[in-house]
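Where a number appears in this text, it was derived from the coordinates with a stated rule and is not lab data. Nothing here was measured: the structure is a model prediction, and the numbers come from that model. Methodologically, a virtual Cβ is constructed for each residue, glycine included, from the backbone with ideal geometry; neighbour enumeration extends over all protein chains shown.
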Amino acid sequence: MTEANFGWLIRSVHRWSASMMVLMMILHVFRVYLTSGFKTS
């Protein structure tokens with residue numbers, strides 16, 4: 001893994017993307033909770 005071409009870049013992008021995915025999931029949960037999107041009319 002340390003000998004692959006641009007392996008450091010792939011790992012960095014993957015780590016950053018995973019962090020953003022978790023952040024987006026948390027923000028989505030808060031948005032749904034605050035706007036009562038889970039309740040039926």
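Okay, here's what the table says:
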{"read-out": "Qualifying residue in the stretch 1-11 (condition: among the aliphatic types (A, V, I, L, M) and either touching a Lys or Arg at 6+ places or on another chain (Cβ under 9 Å) or assigned to a loop (DSSP other than H, G, I, E, B) (or both))", "value": "yes"}
{"read-out": "Count of the stretch 1-20 residues which are of a type in the set (A, V, I, L, M) and loosely packed, with under 10 Cβ neighbours inside 10 Å", "value": "1"}
